[in-house]
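Here is the structure we will look at, set down as C-alpha cells.
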Amino acid sequence: MINLKQYLVFFLLLAIIAILFVYWYFYLSNRVGFLYSTKNISYNFLKDYHGELHLIEYNEEGRHEKIIRSLKSKGINIIIGPMFSEDGKKLLPFLEKYDLVAFSPTITSKRLLASTNRIFSLVPDNDYLIDTIENFLRSKNVKNVLIILDPRNKAYSNEFVKIIENFKGDYWYYYGLNTLFSHSKDWNKYDAIVITTTSKEAIDIIIQISSIYKGLFVLTDSALDMELTKYNGPKEKIYLISFTDNPFNYVADLIEEAIDLVASHKFLSANQVISFYLQNNFVDGKRFNYIGTLQRKIKVLNFSEIKVGNE
C-alpha cells in the first residue's frame, strides 16, 4: 500500500513538474534570439517592440560562434535573423554545432538555403528574384547590363552574376566611390545597371553617375531600406525589386511577420521546429518549401511612383 509519505513525495514531484512547465511555457519558451544588422533598419527595431517574446539581441556581424554559444547557454533554440546571407553563411556551422534554428526575414541566397534545414527564410530565394529581374529587363528591351556586387555580402550578390548568362554585360564589386572612378567608362554602353549593395551604397552610386547615365537602375532587395527615403534626386529611371508594397519598410514588416510566426507555437527543441514547419501550413495556407523559403509575389516598383512619408 502507498503510505502518506509516498503520497506527499508524489504530489511534491507533480508540483515541481507543474512549476517547471509554467516557467518554461510563460518565460523560457518566449526567449528568442534576435540578430540585427547595422546595415539596415533592423538595428533599431527593438526600440519600439513591446510584444510577448523576450528578444535577446546581438549584432550579427560580431563573433559568430560566441553569439550562438551565448544564446544556447540562455536556453534559446530559435533565432530571428540574420538579415544578410553572408552572415547566415558564417553562422550556419554554429547553428548546427549548438542545435539552433533561425528564421531570417530577408535571406535569399539559394545556395545557402539549399545547403541546410537550419535556416528558414520568409522570402523567395534568389532564383525567383533573378527571374523577375530578367523578365523586367526583357520588357524594357535591355540588351547590355552592368551588375554591381557587394563584396561584404558575396553569398548573396554573387548569385546575380548569372544574369550575364542571358544578357551581354559586365560585373564588378563596389568597394566605395573609388571603385566608380577606377571603373570610369562609357556608362551608357549599359541599358541597365543592377545594384546588389545596401541602400546607402546604392544611393552613393546613383548620385555619382545619374547625371551622365541615361539607362535604368535596378535595385535588388538588399538595397531596400528607409535610407532610400533620403534620396532626393530624379527617380523615374530607378526600379526597386520588392516583396511588399512598401519597400522602404519591408525589413521591419518581415521582422514583424517572423515574430508572429515564432510566437504562434512553442517547441522543446530545434529539431521539433524544423519538422513542424517543413510539414505544416502556417499563414494564409502557405508553407515553407523544401529549401525552407516562403513563396510570395515579387514586385517591380518605380521609385517615382512610391509615396514617401506624408507625400
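Each value in this text was obtained by applying a stated rule to the coordinates, not by laboratory testing. For clarity, every value in this text was computed on a predicted model and none was experimentally measured. We place every Cβ from the backbone using ideal geometry, glycine too, and count neighbours over all the protein chains shown.
The table for this structure:
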quantity	calculated
Links that overshoot a 24 Å alpha carbon limit, given the list 39/189; 162/307; 237/307; 74/97	39/189; 162/307
Built amide H within the under 5 Å cut-off of residue 34, gap 5+	56, 57, 58, 80
Local electrostatic count at residue 203 - Lys and Arg +1, Asp and Glu -1, tallied over other residues with Cβ under 11 Å	-2
Exposure proxy order (Cβ contacts within 10 Å, fewest to most) of 152, 111	111, 152
Axial C-alpha extent at least 30 Å, average Kyte-Doolittle at least 0.5 - helices from the chain (DSSP)	4-26
Partner aspartates and glutamates for residue 72 [C-alpha distance under 16 Å; skip if fewer than 8 residues away on the same chain]	57, 60, 96, 99
Reachable aspartates and glutamates, given that their alpha-carbon falls under 16 Å from the alpha-carbon of residue 185 and they are not under 8 places away in the same chain	170
Evaluated over the chain, the Cα radius of gyration and Dmax, each in Å	22.9, 95
Cleavage-rule hits (trypsin sites (Lys or Arg not before Pro)) in region 27-99: DSSP loop, at most 13 neighbouring Cβ within 10 angstrom	63, 74
Percent antiparallel among DSSP beta bridges (both partners in the chain, rounded to 5)	15 percent
Relative contact order (%) - criterion: Cα under 8 Å, at least six apart; region: the chain	17 percent
Region 57-144: relative contact order as a whole-number percent, Cα under 8 Å and 6+ apart	23 percent
Amide hydrogen neighbours beyond the local backbone of residue 216, cut-off 5 Å, H modeled	192, 193
Cut-off under 5 Å, modelled amide H: who pairs with residue 170 long-range	145, 146, 147
Pairwise centroid distance, computed over Cα atoms, of region 194-264 with region 149-180, Å	16 Å
Relative packing of peptides 290-296, 217-223 - highest average C-beta neighbours within 10 Å first	217-223, 290-296
